[in-house]
Ligand SMILES: Cc1cc2nc3c(=O)[nH]c(=O)nc-3n(C[C@H](O)[C@H](O)[C@H](O)COP(=O)(O)OP(=O)(O)OC[C@H]3O[C@@H](n4cnc5c(N)ncnc54)[C@H](O)[C@@H]3O)c2cc1C
């Protein structure tokens, strides 16, 4: 069997596995939106069938997959339940962060736990520190044999549900002085566990969409951690955030799944009601399909660069794909809503939910505005270096 066939097997295996649990995926999507229920039942099944361990190397008990496999998984799941797509996206960001930047000891401890189905979550946003990280206040101070953290994180998906958290904090000590679009060099990522003393969670936010994600505050009050919980060195937080944002596992990819669902629903409805007799409806559908396929191409290209390209290629394509898919998802779900007419506005039809869920994609970090800053910086640097040759 060739390597390409082996790789394709993973994608086919994800499809086959998910096809068997479509009723559960649908039930989770409805319950998350209508009753704000965290999809515990679905996550338990995904864990049992090995879909929480795709990126984790086999030596740590994972399936040794690629970024493009994770993209495929999140795309497929999000067609039924974007809430679960969001939870998986943050889980895999944590996996990638520990895999890329964790110490040998951290990898040996946390990757097998994540491979067995412990859930990962990540928190960097604070009341005064969002897209920019300059106002970060949660701070890490040395104490006897370890560190103590005090502060508050304002958004964390899977808060109180996840077992392992990567949290951005301000370090007392710093080995780096640097600044970039994301902030300063006095920040560090630490690993927190749900059972750590001094960690608690606020009320779950009631958002416009992405309900059931258990997104809430994290409160850190004299939260003690041993010294081996810092990822990389003190002050590496910004660099890790930057490297991670190129991982191509970004919120936009959830839009691939929910947009393809919106297209299918609109096409089926238009055919059933003979709306395709109207050129304007045919053109709406053609436009949706074109946007969908264009988005898919660039997202998977970003995934390939994340697996095999240079960091610069990965960064540029990841940022461009994030902006494009977030925009296109709003456009496609909006068109679908229009095609369904008044029914599109009713909660009993899925399109209304897809539209609300799509709106979150440009907001979840990195925001589309920040992505555009990075796209400009990367492409203008590239143009200038090409001018010189
Ligand atoms: C459903 C959902 C789930 C989330 N889950 C998590 C999570 O798990 N963990 C977590 O840490 N956060 C999470 N977030 C928070 C999200 O990452 C932040 O909302 C985002 O980073 C923006 O921060 P902010 O809300 O403070 O906005 P601000 O930083 O105040 O930004 C407001 C606006 O100004 C723009 N802006 C700010 N600075 C710049 C700049 N330098 N250049 C150009 N434009 C700029 C922003 O793009 C935005 O449009 C979640 C958000 C949502 C909606």
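The values are calculated or read from the model by the stated rules, or taken from the named source; none is laboratory data. Bear in mind the structure is a predicted one, so any value in this text is a computation, not a measurement. Using ideal geometry, Cβ is built from the backbone for each residue, glycine included, and neighbour counts are taken over all protein chains shown.
Residues in the stretch 342-355 that are modelled with pLDDT of 95 or more and surrounded by fewer than 17 Cβ atoms within 10 Å (Cβ to Cβ): 342, 343, 345, 346. For the stretch 54-68, a residue qualifies if it is in contact with a helix residue (DSSP H, G or I) (Cβ under 6 Å, 6 or more places away or on another chain) and more than 18 Å from residue 303 (Cβ to Cβ), and the qualifying residues are 60, 61.
Residue count for the stretch 106-134, restricted to those that are in contact (Cβ under 8 Å) with a residue 40 or more places away in the chain, more than 10 Å from the ligand (Cβ to nearest atom) and either over 21 Å from residue 243 (Cα atoms) or within 12 Å of the chain's Cα centre (by Cα) (or both): 9.
Taking the stretch 144-159 as the range and being closer than 14 Å to residue 169 by Cβ and more than 9 Å from the ligand (Cβ to nearest atom) as the test, the residues that pass are 146, 147, 148, 149, 150, 151, 152.
Among the residues of the stretch 51-73, are any within 16 Å of the chain's Cα centre (by Cα) and surrounded by fewer than 20 Cβ atoms within 10 Å (Cβ to Cβ)?
Taking the stretch 51-73 as the starting set, the residues that turn out to be within 16 Å of the chain's Cα centre (by Cα) are 51-55, 66-73.
Filter again for surrounded by fewer than 20 Cβ atoms within 10 Å (Cβ to Cβ), leaving 66.
Yes, there is a match, as at least one residue in the stretch 51-73 is within 16 Å of the chain's Cα centre (by Cα) and surrounded by fewer than 20 Cβ atoms within 10 Å (Cβ to Cβ).
Residues in the stretch 367-379 that are surrounded by fewer than 23 Cβ atoms within 10 Å (Cβ to Cβ), in contact (Cβ under 8 Å) with a residue 60 or more places away in the chain and either within 11 Å of the ligand (Cβ to nearest atom) or not in a helix (DSSP H, G or I) (or both): 367, 369, 370, 373. Scanning the stretch 283-310 for residues being surrounded by fewer than 17 Cβ atoms within 10 Å (Cβ to Cβ) and under 15 Å from residue 371 (Cα atoms) gives a total of 0. Among the residues making up the stretch 212-230, those that are surrounded by fewer than 22 Cβ atoms within 10 Å (Cβ to Cβ) and out of contact with any strand residue (DSSP E or B) (no Cβ under 6 Å at 6 or more places or on another chain) are 221, 228.
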